[in-house]
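No value in this document is a laboratory result; all are computed from the given coordinates. All of these numbers come straight from a predicted model, not from anything done at the bench. Note: ideal-geometry Cβ built from the backbone for every residue, glycine included; neighbour counts use all protein chains shown.
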Amino acid sequence: MHINTIKDVMPRHIRIMLDRTSHKVIESVEEIRIRLNKPIIIRTHTAEFGLSEIGDCPISKSYIATKQDLEGILKFISGFSLYAIEDEIREGFITIQGGHRVGIVGKTVVENKSIKTIRNISAINIRVAREVIGSSKNIVPYIFKNRRICNTLIVSPPKCGKTTILRDIIRNLSYGECLGESFNIGLVDERSEIAACFDGVPQNDIGIRTDVLDSCPKAYGITMLLRSMSPEVIAVDEIGKDEDYKALEDALVVGVSIICTIHGVGLSDCLNKPRLKDMIDRKLFGRIVILSNRPHVGSVEAILDVNNNFNTIG
Amino acid sequence: MGVLGLVLILSSCTLAGFLYDNYENKRILQLEELIKGLEILKSEIDYKLTPLIYALEEVADITGFGVDKLFNIFAYKLAQKDEVNTMKMWKQSIVEVSGSLHLKEDDYKILESFGSVAGHIDRELQKNNIDWVISKLRRKADEATIRYEKQSKLYKGIGILVGLSIVIVLI
């Protein structure tokens, strides 16, 4: 696990504290939460720790973050160039080197009914990027039929690993790892979560045949990719808006395979979304992959064959 | 031996005149380079949204006469991430480089104000700040140029004349 790029954006005294943190905690850290005038909290999958001069410690003894700490982190993240990350600040998150995501909250400045910026930053949440290479190897064989990739919908509640699975499917297909056949993939990474581009370079392994449209709204991105990169597969994360469905349908018409994810608990949840139900009824999706966090995050609950009466095939 | 001493006095005074003249000339050149550098920096920030460190390195590459050192040192300090206060780092950079620059106290004071909003989220504010610094430096450079054109020959002449006067008195 590389959290060195996270240490790089910390003020020196917090960097030293992280250096003194036990290897075990560093290895399993999922989030570092830094709130103004509150103790710094490190979260792993199973526990929470504070951070002090001796490294990890009980939260009650944790270092209390100051305004200067929060400002310093933002300055370091932006390379002392807050103007260069103005759009990201407006969105509320910034992707840093290593693919880690830094979420920020504070006082929003609204102008013409849209957020102009966030000032008086009151909390920063650093989510450690975690690739799970190979997590899709039990899925990929089931979404391949007649030498092409089936249009696939990945369904799961939050925090069940759908983005991680999607990323690994993209990597797998891009390298041609499981199928002995590779595909040109167009990825619309609206929230920079899948490829996690930093300075235009994907920080996660998404394969050698993947073209990324970073920070681009899905509906525009799908159309742009169709026009410019002639992909065999288009991948998008978290569809939901009407324009997303329309863009997906446009792509399906021209014969491009689609792999996308959506929030939901099982098939019934999908069928409750009118626009999605219509697409499923028209059999525009060939496979529906349902994920859960039992027994662990990213567990495949079922892979359904839509054309075969939703039979479970995996 | 006496003749050698007189020659030395004459050449020293002449040289002093030329050096003073050269100092003023270098100040003008450095002010012009600073103005050029800040203009480029403004465009890098305002149009290209280039991160400050890269923008400073870019500016350092295309400026000279010792001014490049100032931008390079500032970029280096920012990249070190040992300090959060941008103004402090800019002031330190000015102090470190001041030995090799030929600027006056007033010039440094104007320059210092660039550090107050360097890297700020508001591009318009930065642009206005850089414009303000440029306009002040421009005025200083123009004044220095007019003065230099008027007094360049005078400085050199005074050096020679003082030297000759001392030599004559000693003879």
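Return one number: the angle in degrees, 0 to 90 and rounded to the nearest 10, between the long axis of the Cα atoms of helix A:162-175 and the longest principal axis of the Cα atoms of chain A.
Taking Cα atoms only, the helix is inclined about 60 degrees.
Using 0.36 nm per residue, how much length does the chain from residue A:268 to residue A:220 gain when fully extended, once their Cα-Cα distance is taken away?
14.4 nm
Using a 10 angstrom cutoff on alpha carbons, build the Gaussian network for chain B and name the most mobile of B:103, B:52, B:15.
The residue with the greatest mean-square fluctuation here is B:15.
Taking the C-alpha atoms of the protein assembly as shown, how large are the radius of gyration and the largest Cα-Cα span, Dmax, in Å?
Just the Cα atoms of the protein assembly as shown yield Rg and Dmax of 31.4, 120 Å.
Please quote Rg/Rh for the range A:1-43 to two decimal places, taking the Kirkwood radius as Rh and restricting both calculations to Cα atoms.
0.93
Within 10 Å of each residue's Cβ, count the other Cβ atoms and sort B:136, A:113 from fewest upward.
By the 10 Å Cβ count, ascending, the order reads A:113, B:136.
Per DSSP H run of at least 4 residues, take -39500 (n - 2.57); add these up for the protein assembly as shown, divide by its residues and hand me the 222 nm value, nearest 500 deg cm²/dmol.
Helices in the protein assembly as shown give a 222 nm mean residue ellipticity of -15000 deg cm²/dmol.
Just to confirm the filter: which trypsin sites (Lys or Arg not before Pro) across the range B:36-99 are DSSP coil and have at most 12 other Cβ within 10 angstrom of their Cβ?
B:48
Restricting to Cα atoms and excluding each atom paired with itself, what does the Kirkwood estimate give for the range A:122-212 in Å?
For the range A:122-212, inverting the mean 1/r across all distinct Cα pairs yields 14.0 Å.
For the range B:2-86, just say rounded, prolate or oblate: build the C-alpha gyration tensor, square-root its eigenvalues into a ≥ b ≥ c, call rounded for a/c under 1.5, and beyond that prolate if a/b exceeds b/c, oblate if not.
Prolate, since a/c reaches 1.5 and a/b exceeds b/c.
Taking springs between alpha-carbon atoms closer than 10 angstrom, which of B:46, B:68, B:122 fluctuates most in the Gaussian network model of chain B?
B:122
Along its principal axes, what span do the Cα atoms of the range A:48-164 show, with the longest given first and each in whole Å?
Its Cα atoms span 58, 46, 26 Å along the three principal axes.
Run the quick spin-label model on residue A:159 and residue B:49: label points 7 Å from Cα toward the beta carbon, then report their separation in nm to one decimal.
With each label placed 7 Å out from Cα toward Cβ, I get 3.2 nm.
Less than 11 Å Cβ to Cβ from residue A:76, Lys/Arg counted +1 and Asp/Glu -1: what total charge do the surrounding residues give?
Local charge sum for residue A:76: 0.
Between residue B:145 and residue B:160, what length comes free when the chain is fully extended (0.36 nm per residue of separation minus the Cα-Cα distance, one decimal in nm)?
3.1 nm
Report the FRET efficiency, 1/(1 + (r/R0)^6), for residue B:15 and residue B:138, where r is their Cβ-Cβ distance and R0 is 30 Å, rounded to 0.05.
For R0 = 30 Å, the calculated efficiency reads 0.40.
Measure up A:7/B:42; B:42/B:104; A:38/A:113; A:24/A:107; A:116/A:277 against 26 Å on the Cα-Cα distance and list the ones that go over.
A:7/B:42; A:38/A:113; A:24/A:107; A:116/A:277
What distance in nm lies between label points placed 7 Å from Cα along the C-beta direction at residue A:232 and residue A:68?
Simple spin-label model gives 5.7 nm for this pair.
Could you grab the Rg to Rh ratio for the range A:239-310? Cα atoms only, Kirkwood for Rh.
0.97
For chain B, find the longest principal axis of its Cα atoms and tell me its angle to the long axis of helix B:123-170, 0 to 90°, nearest 10.
For helix B:123-170, the angle is close to 10 degrees.
First measure r as the distance between the Cβ atoms of residue A:294 and residue B:131, then evaluate 1/(1 + (r/R0)^6) with R0 = 45 Å and state the FRET efficiency to the nearest 0.05.
Given R0 = 45 Å and the Cβ-Cβ separation, E is 0.15.
Taking a label point 7 Å from the Cα of residue A:109 along the Cα→Cβ vector, which residues of the range A:31-54 have an amide N closer than 18 Å to it?
Counting only backbone N, you get no residues.
Compute for the range B:26-150: radius of gyration divided by Kirkwood radius, i.e. Rg/Rh, restricted to C-alpha atoms, rounded to two decimals.
0.95
Which aspartates and glutamates, if any, have their Cα less than 12 Å from the Cα of residue A:61, not counting same-chain residues under 8 positions apart?
Once the sequence-local aspartates and glutamates are set aside, what remains near residue A:61 is A:53.
At a Förster radius of 45 Å, what calculated FRET efficiency corresponds to the Cβ-Cβ distance of residue A:25 and residue A:253, to the nearest 0.05?
Approximately 0.35, to the nearest 0.05.
On a 0 to 90 degree scale, rounded to 10, what angle separates helix B:52-62 from the longest Cα axis of chain B?
That works out to roughly 40 degrees.
Could you list A:45, A:263 in order of exposure, starting from the residue whose Cβ has the fewest other Cβ atoms within 10 Å?
Going from sparsest to densest Cβ surroundings: A:45, A:263.
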